[in-house]
Amino acid sequence: MKHSLAGRVWPNATAAVLALGFLFPVYWMFNTAFKPTRDIITEDPVWFPLHGTLEHFATAVLAPDFWILAGNSVLVTVLAVGLSLVIALCGAFALTRMRFRGRKGILLTFMVAQMAPWEVMVISIYLIVRDADLLNSLLPLTCFYTLMVLPFTLLTLRGYVAAVPKELEESAMVDGCSRRQAFLKVVFPLLAPGLMATSLFGCITAWNEFPLVLVLNKEPAMGTLPLWLSQFQTQFGDDWGATMAAASIFAVPILVLFLFLQRKAVGGLTSGAVKG
């Protein structure tokens, strides 16, 4: 009994310590965002501010180009995730349900693309976009963000499609459905957890991406929130309260999305990892 209790306590205690270590920077970010300026610059850290303020958030949202760049971030993220889901879903279905020459080579290509660091290709991407006269445009960002999340999306959805029995499609086709109708009416509704898992990963990747937008989009109004956050200053120089408020605003959408999708996302990632 004691051995069993100790076996449960140590893993849970270790997990709690690690969780606190990961959550502390997030707590300190929000804590600093709500502190009055006098509590931020003091030598003695204020762990629990008694009198919070929203002035730092007002400074952040009223900064030049904030709402324009927020709209750019939302637009690029939604388009990139939507395109990657459509392409990956079609590719996952083809790679899972069909047998054709070169199928394993395609899978290997996507695995290699998933392992390759995008940062080493920034210069090549810049030259391609420059020669196409598409610098300071949201179109290249959307295309390359789609390519960044596509390998993971396809590989994960492939495993999830493989978990759906082929007999369900065959039964629907016997009842008169075409292959497309069988997929849309029978298979597609069963893929919701996998779609949520991959869309969450895609949103995090596209929303947080920084090197590409830094290199490709120099015009202030054509950037995204990560670029704005890295260059955020007020007329008085570095304002740490407003900077932490801006970082909090930037982090909230992804945190809310994760909390909303976490259960289905974990199930989708697990199924996609072990099936197929």
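The values are calculated or read from the model by the stated rules, or taken from the named source; none is laboratory data. This is a predicted model, so every value here is computed, not measured. Cβ: placed from backbone, ideal geometry, glycine included. Neighbour counts: every protein chain shown. Accessible surface areas use protein heavy atoms only, side chains included; no ligands, DNA or RNA. Shrake-Rupley method; radii C 1.70, N 1.55, O 1.52, S 1.80 Å.
Points to keep in mind about this one:
- Multiplying the residue separation of Leu184 and Leu135 by 0.36 nm and removing their Cα-Cα distance gives an extension gain of 13.8 nm.
- At the residue level, Ser230 shows approximately 70 square angstrom of accessible surface with a 1.4 angstrom probe and all protein chains present.
- Kyte-Doolittle at least 0.5, axis length at least 27 Å by Cα - qualifying DSSP helices, the chain: 2-34, 66-97, 138-162, 240-274
- Förster radius 41 Å - calculated FRET efficiency between Gln231 and Ala13, Cβ distance, rounded to 0.05: 0.50
- Computed on protein heavy atoms with a 1.4 Å probe, the accessible areas place Trp47, Trp28 in the order Trp47, Trp28, largest first.
- The listed residues Asp65, Asp39 rank as Asp65, Asp39 when sorted by accessible area, largest first, using a 1.4 Å probe.
- Geometric descriptor of the chain, per residue, is 211 Å³ (volume of the convex hull of the Cα atoms).
- Within the assembled protein chains, the solvent-accessible surface assigned to Tyr27 is about 80 Å², based on a 1.4 Å probe.
- Ligands, DNA and RNA excluded, the heavy atoms of Arg179 present near 110 Å² of accessible surface to a 1.4 Å solvent probe.
- Exposure ranking of Ile254, Ile204 by accessible area [1.4 Å probe, largest first]: Ile204, Ile254
- Per-residue ³J(HN,Hα) for the stretch 210-219, Karplus 6.51 cos²θ - 1.76 cosθ + 1.60, θ = phi - 60°, Hz, x for Gly and Pro: 10, x, 5, 5, 5, 7, 8, 10, 8, 5
- Cα-centre dipole for the stretch 46-134 with unit charges at Cβ (Lys and Arg positive, Asp and Glu negative), debye to 20: 920 debye
- Calculated FRET efficiency, Ile41 to Glu219, Cβ-Cβ distance, R0 = 35 Å: about 0.55 to the nearest 0.05.
- Model label points for Met115 and Phe260, set 7 angstrom from Cα along the Cα-to-Cβ axis, are 3.6 nm apart.
- A dipole drawn for the chain from +1 and -1 charges on Cβ atoms has a positive end, and of Leu225, Leu147, Ile204 the residue lying farthest that way is Leu147.
- Assuming charge only on the beta carbon of Lys and Arg (+1) and of Asp and Glu (-1), the dipole of the chain about its Cα centre is about 1620 debye to the nearest 20.
- Peptides 116-122, 106-112, 79-85, 189-195 ordered by average Cβ neighbours within 10 Å, highest first: 79-85, 189-195, 106-112, 116-122
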